[in-house]
Structures are given as C-alpha cells and as structure tokens.
C-alpha cells in the first residue's frame, strides 16, 4: 500500500496517490455540507450563521495543527526517500510530542478565551448564544483532530493515502448519521450537531492511531529513538513551524474576512456560510493534489532526482489546470441550485448574495489550484518560508482589499468577493517567478 515516487510513471502514480486524498476530503466536505444542510433547513438562519462562523474559527485553529503535521510529513517524506529509517523513527517520536504539546495549549487557550473570540468576530447578538453553545462542545474534539492529521500525515509521507481515506470515510458517514439522530431525532439543536462532530472525530483519530501503532511495525520506534536530538528538532522546526505559520496565516486571514462578513448582518452571514461550503467542496481536490505533489517532490528531492521533479511539475500543472477549469464551469452554471440545497426557497436575498459569491470565486479556481502546487513544491524542497511569503501576499491582498472596498457604498460586499482571486493571482505570479529563478540558479551552479 506504500508508494515509491522515485520510480515509475509520474502522472499515473500522482493520480493514484492523490485520488484517495481527494475522496477523503470530499467525504469530509460532504459531511460539512450535510451538517450545513441539516442546520440551515431545520434550525433556521441564525443557527446556520452560528455554525458557519464557528466553522471558520475551527478551520483557523486546526490549521495550526494541520500545518505542523504537514511540515513534519514533508520531513518524513525526504527521510523515506533517502531510506534513512533511523532518522525517520526519531523524527516520528519528537514531532509527535511537540505537536501534542501545542494541541494542549491551543485547547486551553480557546476554551478560556471563548467570550473574547465571539466579541472579536463581531457576532450579532441573536447569533452569539448559539455560537457559544456550539463551540463549547466542538472544542472537545481538537485532540482527536490532531491524532488523525498526524498519523494520516505519517502514512501519506510513505506513500499510503488509502488508509487515511478509510478512517475519514467512516468518520464522515458516522457524522452524518449522528447529525440526523441528534438534531432531527433528539431535537438537540446546535449542541447536537457539535456532539456528532466530536464523536466522529474521536473514532477517526483513535482508529488511525491504533492502525499505525499495531500494523506498521517497521515504523515503530525503539528505546534508542526516545531521546532529544537537537539536529532533528531543528530540521522539524524548519519544516513544521513555517508550514504551520503559512496555514495559520491563511486561515487567520479568512477569520478576519469572517469578521467583516459578520458586520453585514445575518443575511450575508448565512449566504457566506452556505457558499463557503460549496466553494471548499469544489476546490478542495485541487488542494489535495497539491499535497500529493508535495510528497512526490519530497521523495525525489531526498533521492536527488531533480530531473524527475521537473517532469513532475509539468505533469501536475497540466492536470490541475484541466480539473480547475472543469469545476469552475460547473460551479458557475449551477450556483443557484447548489445553494438551494442549504437555503430555503423563500430566502431570495440570501440566495442572491450566495450566487454572486460563488460565480466570482468559482470562475478563478485555477488560481488556488496553482497556489496549492506552489505550496507543496516549496514545502518539499525545504523552503517552507517561501510558502509563508506567498500566503502573506495572497491573504494580505485579500484582507486589505476587502476592508478597503467593502465600506464603499457602490461596491459593498462584492469587494470582499473580488479580493480573493486578486490575491491568488499575485501569489501565483510571485511563486512562479521565484521557481524559475531557482531553476536558473541551479542550471548555472550559483
């Protein structure tokens, strides 16, 4: 079930490895869509706005952990490509305890700062109590989220993307079933939706942990690996903390945008909550393909196969372009029926705002697809700092433009929507130009 990217066909291997990752995240997004559908259809606009704003906050918090796990995974892939098993096992131990410590800190910080968070996000008075109820429960699942993402990262680093899909699929289906039970059957409201999520997260997190510990004996550390290694800590920090910074900056920017969206009231909040789920569902496969590409590059970088990396770049960009153009066309054409899955037919104002958002963002999906490839590439060649720069460009542009344009009466909320693709474009241009500079430097030996 492990895939060695240093040999064999490039495009076929990339797609075989990326497909389970895509399916897994599509299942996750399917759950998020089902959750939004249940809340929006049966609990009303206020509950939809509360859960939507909570989702943005949770994405920001988990992105810190996800970034740490992704960064460590890049280090694991390079060590796997070098066949350096001893260093890999030591890295597994040290990274696990470091990221676990960050998880505990985050859990405590957000739990005790909940009231302040709700105020900073400018949540309307009619939505705030529902949001607090939801978050008080959902925070309990952060540790399980860490376990799943860490061990899924370990498996993907050695070329196994199927097992994470299986556990995520079980979790997503269980989540939907529990949502129906708690929200519709037991009438537990937003608390029931949160409880369903936490239970499903625990199943996937503890399940994949058990699989890695008991099935992958060749990766199990020995006593000699349970010691402090400053050189490994520095290597992991170089990957993990910069990747985490990139992920958290990206999602902190989204959180700032959520605060601006909230200032426009419940109608825009509800439209944004529904449209963001569709948007995430649409372009998530392109981002997963970028993560798969990162594993490909990292293994070949560790093995010193630079010409194979260049061939992989051409293949990945072409594949991402074809996918993104197809999805852009579908989202733009079917924006209204897609939103109708979550919004009641009588909510015409909410529908109009949501359609506007989807058609602006949906027409530019290749921007985020190319950016995902650039993130994966720079993370894999041990230059995660460049990913941070690209994220600052993308999100900085988005936040600054949104806050400048939205207050203009003639532009309003449209300013928030158009800022996104502009940010993607500027980051893409910067990333491509820097990659070409690196290539020229390598060719001239400088």
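The values are calculated or read from the model by the stated rules, or taken from the named source; none is laboratory data. What you see is a predicted model; the values in this text were computed from it and never measured. Virtual Cβ from ideal backbone geometry, glycine too; neighbours counted across all protein chains shown.
Conditions tested, residue by residue: (1) closer than 26 Å to residue 257 by Cα; (2) touching a helix residue (DSSP H, G or I) at 6+ places or on another chain (Cβ under 7 Å).
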| site | (1), (2) |
| --- | --- |
| 64 | yes, yes |
| 67 | yes, yes |
| 72 | no, yes |
| 75 | no, yes |
| 79 | no, yes |
| 85 | no, no |
| 89 | no, yes |
| 94 | no, yes |
| 102 | yes, yes |
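Return yes or no: is residue 163 part of a helix (DSSP H, G or I), within 20 Å of the chain's Cα centre (by Cα) and under 11 Å from residue 24 (Cβ atoms)?
It is true that residue 163 is part of a helix (DSSP H, G or I), within 20 Å of the chain's Cα centre (by Cα) and under 11 Å from residue 24 (Cβ atoms).
Can you tell which of 264, 272, 289 is within 18 Å of residue 381 (Cα to Cα) and either in contact with a helix residue (DSSP H, G or I) (Cβ under 9 Å, 6 or more places away or on another chain) or modelled with pLDDT under 80 (or both)?
Every option except 289 fails the conditions.
Has the stretch 188-196 got at least one residue that is surrounded by fewer than 21 Cβ atoms within 10 Å (Cβ to Cβ) and either out of contact with any helix residue (DSSP H, G or I) (no Cβ under 8 Å at 6 or more places or on another chain) or within 30 Å of residue 302 (Cα to Cα) (or both)?
No, the stretch 188-196 contains no residue that is surrounded by fewer than 21 Cβ atoms within 10 Å (Cβ to Cβ) and either out of contact with any helix residue (DSSP H, G or I) (no Cβ under 8 Å at 6 or more places or on another chain) or within 30 Å of residue 302 (Cα to Cα) (or both).
Would you say residue 394 is in a helix (DSSP H, G or I), under 27 Å from the mean Cα position of the chain (by Cα), at pLDDT below 85 and surrounded by 17 or more Cβ atoms within 10 Å (Cβ to Cβ)?
So residue 394 does not fit the description; no.
Suppose the filter is at pLDDT below 90, within 25 Å of the chain's Cα centre (by Cα), surrounded by 23 or more Cβ atoms within 10 Å (Cβ to Cβ) and farther than 22 Å from residue 411 by Cα; does residue 342 pass it?
Against the criterion (at pLDDT below 90, within 25 Å of the chain's Cα centre (by Cα), surrounded by 23 or more Cβ atoms within 10 Å (Cβ to Cβ) and farther than 22 Å from residue 411 by Cα), residue 342 qualifies.
How about the stretch 397-411: which of its residues are outside any helix (DSSP H, G or I) and in contact (Cβ under 8 Å) with a residue 60 or more places away in the chain?
406 - this is the single residue of the stretch 397-411 that is outside any helix (DSSP H, G or I) and in contact (Cβ under 8 Å) with a residue 60 or more places away in the chain.
Which of the residues belonging to the stretch 356-389 are surrounded by fewer than 21 Cβ atoms within 10 Å (Cβ to Cβ) and free of Cβ contacts under 8 Å to residues at least 60 places away in the same chain?
359, 363, 383, 389
Out of 333, 309, report the one residue that is crowded, with 17+ Cβ neighbours inside 10 Å and either at pLDDT 80 or above or out of contact with any strand residue (DSSP E or B) (no Cβ under 6 Å at 6 or more places or on another chain) (or both).
309
Answer yes or no: is there a residue in the stretch 414-432 that is out of contact with any helix residue (DSSP H, G or I) (no Cβ under 6 Å at 6 or more places or on another chain), surrounded by fewer than 24 Cβ atoms within 10 Å (Cβ to Cβ), modelled with pLDDT of 85 or more and under 24 Å from residue 299 (Cβ atoms).
yes
State which residue pairs qualify: first residue on the phi < 0 side of the Ramachandran plot and inside the stretch 206-217, second residue surrounded by fewer than 16 Cβ atoms within 10 Å (Cβ to Cβ) and not in a helix (DSSP H, G or I) in any location, beta carbons under 8 Å apart, and separation of 6 or more residues or different chains.
Partner pairs satisfying both residue conditions: 213/220.
Give the stretch 157-191 a look and list any residue that's closer than 16 Å to residue 19 by Cβ and at pLDDT below 80, or say none.
Across the stretch 157-191, the qualifying residues are 159, 160, 161, 162.
Quick one: in the stretch 81-99, of everything that is surrounded by fewer than 16 Cβ atoms within 10 Å (Cβ to Cβ) and not in a loop (DSSP other than H, G, I, E, B), which residue is modelled with the highest pLDDT?
Out of the qualifying residues, it is 97.
Looking at (1) under 29 Å from residue 359 (Cβ atoms); (2) outside any helix (DSSP H, G or I), which is the only condition residue 382 fails?
Here residue 382 meets the rest and fails (1).
Which of the numbered conditions does residue 326 fail, given that it passes all the others? Conditions: (1) surrounded by fewer than 13 Cβ atoms within 10 Å (Cβ to Cβ); (2) within 30 Å of residue 382 (Cβ to Cβ).
In the conditions (1) surrounded by fewer than 13 Cβ atoms within 10 Å (Cβ to Cβ); (2) within 30 Å of residue 382 (Cβ to Cβ), residue 326 misses (2) alone.
Does residue 318 meet the test of being within 24 Å of residue 54 (Cα to Cα), surrounded by fewer than 18 Cβ atoms within 10 Å (Cβ to Cβ) and within 24 Å of the chain's Cα centre (by Cα)?
Judged against the criteria, residue 318 is not a match.
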